[in-house]
Amino acid sequence: MNEIKGESSSVRQNILTRKVENNRASNVRYLYGLEPGLFSLYFAFNLTNAILQNQLLKQTCLQLGYNLTICSNLNTDELTKAVEEEVQPYVANINSSILLLNSISPALFSLLLGSWMDKFGRKKILMMSFTGYTSTLTLIAIFSFISDHVTPLSPWCYFFAEFPMCFLGGWPTLDIAVCCYVTDLSDEKNRSFRLGFITFLNFLSNVSAYSSSSFILEATNATFVFAISFSCAVIAFIYTIIFVDESIQVPQNVKAIEQIKEVFSYARIQEIYFTITKKRTNKERRMMWSLMVIVVLVVFTMHGNGTVNYLFVREKFGWALREWTVFDSTNTVITVIGLLIGLTVLKKYFQISDMSLGVLALISSIIDAIFKAFATKSYQLYLSSVFGLFRLLSTPVFRSIMSNILPHAEIGKIFSVTTSFEALSGLGAGPLYSSIYKKTLTTFPGAFHLITASVFAFNLLLSFFVYRWKKSRDISMLQL
């Protein structure tokens, strides 16, 4: 136990030393070097996601024996609409399987790598994640080319394309590496803004990708779009190698094989267990676990909604890819505006606390989900996005609160546990949302949005308890 404490103190000192050195130098490249590469990778991934559902529908349709003309024009008349209703459950199963694949292995990786990153640094994990994303996007482009220009492939090929990304950590490992990197380079005053800016980049890339994807697809083909994604991922990979520096001091004389062994070290697992279970003063353990639950449940709803959202708007409103991408881009722009208003106007100028912003985000999310569930006209979906203006605030502000109440040396471990649970939440979210959607497809296809509203209502209740505990803690800290 003393070794663990000693190592944590050493890590803390290394981080503080590196911060001081770089603050003195005012090194802009060091402070903001990660963001351009991250944006390029986000754009690549979102551009692929924007049209992948369309490709899955088309290839599933072909596998069921329909001709290319029908499969290329699904949901355009009564005949093709009936065909799509037959195809959609198969696609929902593929989506659920992909979600499960991206939950199990990445959850284990992120759990083991959190403590490892505190000792050996963040950049190695960033590069591992970038490699996985780039490899998966490459396989998707290859499979699309073969299916469209050589011979039709089973849509399950895209499930296997996810393997490199999955077994190199996936989004959970990338997420924890980015959060730790940003936390290393920020303080309590600007941490929520920095974490929020990463969220902003993700959704800005989402807008760029979704707003352009349908136009590029109509002008070219799916393979060309996937090739653009692959190219952007390669650019992100090369940029990060060259321009992103390590954020903490790391041991220089440890062999690669020894570093790999450290990933699976029992001492690392012990250290994580001790960190998340040890008694803390001022109800900090309660707050830590409650905040973890809130963040995990937010991601749970994202997993679930992502599985069936596109299928929902096609079934309920008869939308094609163009209508969906326009709506998704508009929805993203609205929520990004809400994110910027929250982190700049409300927080910076009106001094509204992170906790208050979190509550605002949860209320906004509840209203958004309820409106979507009962929407009968397309404009009502757009209206729901306006009510959901502040929903993007929840993840960065609750993570910021979590990082502010915990010692800096424990951030990697806590984020790793949180991210592991986020990944595992897909094990429940994907099948649950897909099952509800399939059972209510012809009666109430928006029913899954009520699950989302219920989850956010629970989060809202939990946040009130966190508020009380944090207020009590702050009073105790002032009295010391």
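For residue 123, the lysines whose Cα comes closer than 25 Å to its Cα, not counting residues fewer than 8 places off in the same chain, are 5, 19, 189, 255, 261, 413.
Can you tell me the length gained on complete extension of the stretch residue 374 to residue 241, counting 0.36 nm per residue apart and subtracting the Cα distance? Before the final figure, lay out each step's value.
Details: separation 133, 0.36 × 133 = 47.88 nm, distance 4.76 nm.
Between residue 374 and residue 241, full extension yields 43.1 nm more.
Each of residue 286 and residue 349 was given a label point 7 Å from its Cα along the Cα-to-Cβ line. The distance between the two points is 3.7 nm. Applying a 4.7 Å Cβ-Cβ cutoff to the chain, the cysteines left without a disulfide-compatible partner are 157, 166, 179, 180, 232. For P(r) over Cα pairs in 20 Å bins from 0, in percent, the candidate list reads [x] 21, 50, 25, 4; [y] 23, 57, 19, 1; [z] 20, 46, 25, 5, 3, 1, 0; the entry that matches the value derived from this model is [y]. Sorting 149, 303, 449, 408 from the fewest to the most surrounding beta carbons within 10 angstrom yields 149, 408, 303, 449. In sequence order, segment 146-161 has phi-based couplings of 4, 5, 8, 10, 10, 8, x, 9, 5, x, 5, 4, 6, 5, 6, 5 Hz under the Karplus curve 6.51 cos²θ - 1.76 cosθ + 1.60, θ = phi - 60°, and Gly or Pro positions carry x.
Shown for 118, 354: other C-beta atoms within 10 Å of each C-beta, ranked fewest to most, produce the order 354, 118.
For segment 163-244, the convex hull spanned by the alpha carbon atoms encloses 110 Å³ per residue. For segment 278-345, a crude dipole built from +1 on the beta carbon of Lys and Arg and -1 on the beta carbon of Asp and Glu, taken about the Cα centre, is about 660 debye to the nearest 20. A dipole drawn for the chain from +1 and -1 charges on Cβ atoms has a positive end, and of 269, 479, 130 the residue lying farthest that way is 479. In a fully extended conformation the segment linking residue 255 and residue 465 would gain 70.9 nm over its present Cα-Cα distance, using 0.36 nm per residue.
Each of 237, 317 was scored by other Cβ atoms within 10 Å of its Cβ. Arranged with the fewest first, they read 317, 237. Candidates 177, 243, 62 compared by Cα position along the dipole of the chain: farthest toward the positive end lies 177, with charges placed on Cβ. Would you mind pulling out the separation of the Cα centroids of segment 35-93 and segment 369-408, in Å? Result: 27 Å between the Cα centres. Treating the angle as unsigned and between 0 and 90°, give the value, to the nearest 10°, between the Cα long axis of helix 394-405 and the longest Cα principal axis of the chain. Tilt of helix 394-405: around 10 degrees. The spacing between segment 135-207 and segment 246-324, judged by their C-alpha centroids, is 14 Å. For segment 440-453, the Karplus equation 6.51 cos²θ - 1.76 cosθ + 1.60, evaluated at θ = phi - 60°, returns couplings of 10, 3, 9, 10, 8, x, x, 4, 5, 5, 5, 4, 4, 4 Hz by residue, with Gly and Pro reported as x. Only helices enter the 222 nm calculation for the chain: every DSSP H run of n ≥ 4 contributes -39,500 (n - 2.57), and dividing by all residues gives -27500 deg cm²/dmol, rounded to 500. Shape verdict for segment 291-429, please, from the Cα gyration tensor: rounded (a/c under 1.5), prolate (a/b greater than b/c) or oblate. Oblate is the answer for segment 291-429, as a/c is 1.5 or above yet b/c matches or exceeds a/b.
Only the coordinates and a few stated rules stand behind these numbers; no lab work does. This one's a predicted model, so the numbers in the text were calculated from it and none came from an experiment. So basically every Cβ, Gly included, is an ideal-geometry build from the backbone, and we count neighbours across all protein chains shown.
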